[in-house]
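Asker: My questions all concern the structure below.
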Amino acid sequence: MYIYCFLSVSMQGTYADLPSKTICTECSSGRFQSLEGNHTCVPCTPGSFTSSSTTKHSCVLCLPGSFQSNTEATACTLCHEGTYQSDPGQANCSLCSAGTFGAIRGIIACTSNILDSPDMDYLFFMTYLCGICVFRYGL
């Protein structure tokens, strides 16, 4: 996306790669520029991203339950089953400790008792749906 520069000074989220340029270019996804008047954009660090639907003046932190290990990312990935992430802006997820589990992707904590699991509502719902499928369709 092109944006007019005022007196060759780029705005946040854009850059002017030539000093005499009157049209600024929006930073590409995975990159940002927080300052005005710069000639390049900076890659997002691990644990953060920008995309076509986010502003480009700063990177967005990955939410708890997700991670991003690469620079210049355009999205975050949900933690896999058996892993968790309780903090925002992280580059990886942690393994559930011995005696605990995480039954679905994107959890923020592991549990040792399935009845206390924040995943339990989802598991009951899926079990209910699977029961309907088996009863109605013989799956």
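Asker: Going by the structure shown, is GLY106 under 26 Å from PHE32 (Cβ atoms), among the small types (Gly, Ala, Ser), at pLDDT below 95 and touching a Cys at 6+ places or on another chain (Cβ under 7 Å)?
Answerer: Values: under 26 Å from PHE32 (Cβ atoms): yes; among the small types (Gly, Ala, Ser): yes; at pLDDT below 95: yes; touching a Cys at 6+ places or on another chain (Cβ under 7 Å): yes.
Yes.
Asker: Scan segment 38-69 residue by residue and report those that are touching a Ser or Thr at 6+ places or on another chain (Cβ under 7 Å), in a strand (DSSP E or B) and within 18 Å of THR25 (Cβ to Cβ).
Answerer: Matches in segment 38-69: PRO43 only.
Asker: What's the total number of residues in segment 92-103 that are modelled with pLDDT under 90 and surrounded by 14 or more Cβ atoms within 10 Å (Cβ to Cβ)?
Answerer: So the count comes out to 4.
Asker: Then there's this: What about GLY89, is it buried (at least 17 other Cβ atoms within 10 Å of the Cβ), touching a strand residue (DSSP E or B) at 6+ places or on another chain (Cβ under 9 Å), at pLDDT below 95 and at positive phi?
Answerer: On the way: buried (at least 17 other Cβ atoms within 10 Å of the Cβ): yes; touching a strand residue (DSSP E or B) at 6+ places or on another chain (Cβ under 9 Å): yes; at pLDDT below 95: no; at positive phi: yes.
Considered against the rule, which asks whether it is buried (at least 17 other Cβ atoms within 10 Å of the Cβ), touching a strand residue (DSSP E or B) at 6+ places or on another chain (Cβ under 9 Å), at pLDDT below 95 and at positive phi, GLY89 comes out as no.
Asker: Continuing with the same structure: Please go through segment 47-71 and pick out each residue that is crowded, with 18+ Cβ neighbours inside 10 Å and over 9 Å from the mean Cα position of the chain (by Cα).
Answerer: The answer is LYS56, CYS59, PRO64, GLY65.
Asker: Related question: Name every residue in segment 21-37 that is of a type in the set (D, E, K, R) and either in a loop (DSSP other than H, G, I, E, B) or out of contact with any Pro (no Cβ under 8 Å at 6 or more places or on another chain) (or both), in order of residue number. Write out each step before concluding.
Answerer: Here is the first cut: in segment 21-37, the residues of a type in the set (D, E, K, R) are 21, 26, 31, 36.
Correct list: LYS21, GLU26, GLU36.
Asker: Say whether the condition of being at pLDDT below 85, outside any loop (DSSP other than H, G, I, E, B) and basic (Lys, Arg) is met by at least one residue in segment 120-137. Reasoning before the result, please.
Answerer: Step one: of segment 120-137, the residues at pLDDT below 85 are 120-137.
Restricting the remaining residues to those that are outside any loop (DSSP other than H, G, I, E, B) gives 120-137.
When the remaining residues are screened for being basic (Lys, Arg), the result is 136.
Yes: one or more hits.
Asker: A follow-up question, please. Go through segment 23-37 and report how many residues are surrounded by fewer than 18 Cβ atoms within 10 Å (Cβ to Cβ) and more than 15 Å from ALA75 (Cβ to Cβ).
Answerer: Keep residues of segment 23-37 that are surrounded by fewer than 18 Cβ atoms within 10 Å (Cβ to Cβ), which gives 23, 25, 28, 34-37.
So of that shortlist, the ones also more than 15 Å from ALA75 (Cβ to Cβ) come out as 23, 25, 34-37.
Qualifying residue count, segment 23-37: 6.
Asker: Can you name the residue in segment 18-35 that is of a type outside the set (A, V, I, L, M, F, W, C) and over 22 Å from SER51 (Cβ atoms) and, of all such residues, is modelled with the highest pLDDT?
Answerer: Filtering segment 18-35 down to residues of a type outside the set (A, V, I, L, M, F, W, C) leaves 19-22, 25-26, 28-31, 33-34.
Now drop any that are not over 22 Å from SER51 (Cβ atoms), which leaves 19-22.
Working: PRO19: 60, SER20: 61, LYS21: 63, THR22: 67.
The qualifying residue modelled with the highest pLDDT is THR22.
The values are calculated or read from the model by the stated rules, or taken from the named source; none is laboratory data. Everything quoted here is computed from the prediction, not taken from an experiment. So basically every Cβ, Gly included, is an ideal-geometry build from the backbone, and we count neighbours across all protein chains shown.
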